[in-house]
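Structure, as structure tokens:
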Amino acid sequence: MEKEPKGDDGGDLKLLGLTVSPFVIRVRMVLQMKAVSYRYIEQDLFIKSDLLVTSNPVHKKVPVLIHGGRPVCESSAIMEYVDEVWAASTTGASILPADPYERATARFWAAYADSKLLPAWVGIMWAATEEERTEKVDETLAAIGRLEEAFGECSNGKAFFAGDSVGYLDLVLGSQLLWFGVLRKMFGVVVIDDDAGSKTPLLASWAKQFVETDMAKEVVPDVDTAVEYLKKLQAHRPGSTVTQLLS
Amino acid sequence: MAELVKLIGAFGSPFVHRAEMALRLKGVPYELIQEDLNNKSELLLRHNPIHKSVPVLLHGDRPAVCESLLIVEYVDEAFPGPPLLPTDPHDRAMARFWAQFIEHKCSRPFWMAVWMDDGEAREGFVAETKGNLALLEARLQGKKFFAGDAVGYLDFAACGLAHLLGGVIEEVAGVRLYGDGEFPALRRWAEDYTSDEAVRACLPERALLVAHFAGKKDKIRMSLRAMMQHK
């Protein structure tokens, strides 16, 4: 399955990915924001392609960006790479702020979202017992609570963590929203609550704006696609970590 | 007058060492505040409430910068001086990729393999460490340092490995993970790295490191056992 978005010719540019993977979604969003054209190649993570294995021999994971034949791996490294290479692009501002302290803050919370929040909600999906599931739900809600506070500090009353437009941290957290939808639908777990009395009112408002952006609409598949993928994972690989199979 | 830079650190921490190397290579004077990690100060807890760990960088009146590799990038971006990371975007991406690899796939399993009790889990970490060190060994071929002729970002990102490869940890733990013929380039790198002038200014002497880890070894083992049981 291949797609060729129109836009600034990035030269020979390919992205190996999985449409439901948060790590891939965030990279595709950056490319979309920069209006860079690339060839997207969906991967089967159950039977890894030669191209994936040779491009990312160390981890054999997606996403992998191949630019002029040279692979770039790790979603955070890819995002910064794309931001740097297409810095002069008139179609998309930098996803990281100019100020070094603000850059460090965005990277810090992005690392937190990936190292504390993501494994917690993955743990909900793979919990073997009710007790374990409850523990993972608590961890998830604690982490999202921290991010709610961080949003208050970073956004300065604006729509996104980065201000008026989407930035690095918005992309890293926003790419996880698809799976919050899966958690709600399949497990009845609500991570970001948009009801009255919600503990995450700022993030609820942020999430609504995020999913309405052009690149989210263009790149993020619907929740049912992710639900189907999870069912496939559960059938084939009980006990594997979802992060193993989402990248 | 330049703004004061303070670094909250702790003896023997490779993470703190990374931050110190970044500041030194950039030529930024700083005050080092040593923490006792068994008795964390109010200063540390206030500035790093999320992780409660060192290093923490305080630059002037700004709120803290935490996480060692983020501090390195901050120092690179906030201060003038020779660049710490490569300037070419592809080389930067490679450096960031390998720094993460070293952190998560080499240093961490190495640490686990050295300290854990015997068993299947430990065997897994040993295998993972050796497989990944082999990849790193290949990365170093023909070069004195990961960054080239002189010490750079990837070298001090890998400094935890220098402690481990230099045998400090193994001596304390009484465990040897690899034979004399294995990983010659990496072991040579560890020696060259720990002998480098800038490195020595912020790396404790071997004997002191050995004593430091010897004092902590029971605590390290106990906390690993507790962690494994929780899983």
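Of all residues in the range A:32-48, exactly one satisfies the criterion of being at pLDDT 95 or above and out of contact with any strand residue (DSSP E or B) (no Cβ under 6 Å at 6 or more places or on another chain), namely A:E42. Of all residues in the range B:122-166, those that are more than 16 Å from B:R96 (Cβ to Cβ), aromatic (F, W, Y) and within 18 Å of the chain's Cα centre (by Cα) total 1. Within the range B:44-75, being under 15 Å from B:S13 (Cβ atoms) and within 11 Å of another protein chain (Cβ to nearest Cβ) holds for B:N48, B:H51, B:L57, B:C66, B:E67, B:L69, B:I71, B:V72.
Do the conditions hold for B:D218, that is, is it loosely packed, with under 15 Cβ neighbours inside 10 Å and not in a helix (DSSP H, G or I)? No. Considering only the range A:203-217, state which residues are surrounded by fewer than 18 Cβ atoms within 10 Å (Cβ to Cβ) and either in a helix (DSSP H, G or I) or not charged (D, E, K, R) (or both). Across the range A:203-217, the qualifying residues are A:A204, A:S205, A:K208, A:Q209, A:V211, A:D214, A:K217.
The criterion of being closer than 19 Å to B:D155 by Cα, away from chain A (no Cβ under 13 Å) and either touching a strand residue (DSSP E or B) at 6+ places or on another chain (Cβ under 7 Å) or in contact (Cβ under 8 Å) with a residue 40 or more places away in the chain (or both) holds for B:L25.
The set of residues in the range B:90-111 that are farther than 17 Å from B:V72 by Cα and more than 15 Å from the chain's Cα centre (by Cα) contains only B:H90.
Of the residues in the range A:59-82, none is within 9 Å of chain B (Cβ to nearest Cβ), within 22 Å of the chain's Cα centre (by Cα), surrounded by fewer than 21 Cβ atoms within 10 Å (Cβ to Cβ) and β-branched (V, I, T).
The rows are residues; the columns are (1) in contact with a Lys or Arg (Cβ under 7 Å, 6 or more places away or on another chain); (2) among the aliphatic types (A, V, I, L, M).
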residue	(1), (2)
A:V122	no, yes
A:T134	no, no
A:G145	yes, no
A:L173	no, yes
A:I192	no, yes
A:K208	no, no
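Residues that are crowded, with 23+ Cβ neighbours inside 10 Å and small (G, A, S) within the range B:79-98 comprise just one, B:A93.
The values are calculated or read from the model by the stated rules, or taken from the named source; none is laboratory data. Because the structure is a prediction, the values reported are computed rather than measured. Note that each Cβ is placed from the backbone with ideal geometry, even for glycine, and that neighbours are counted across all protein chains shown.
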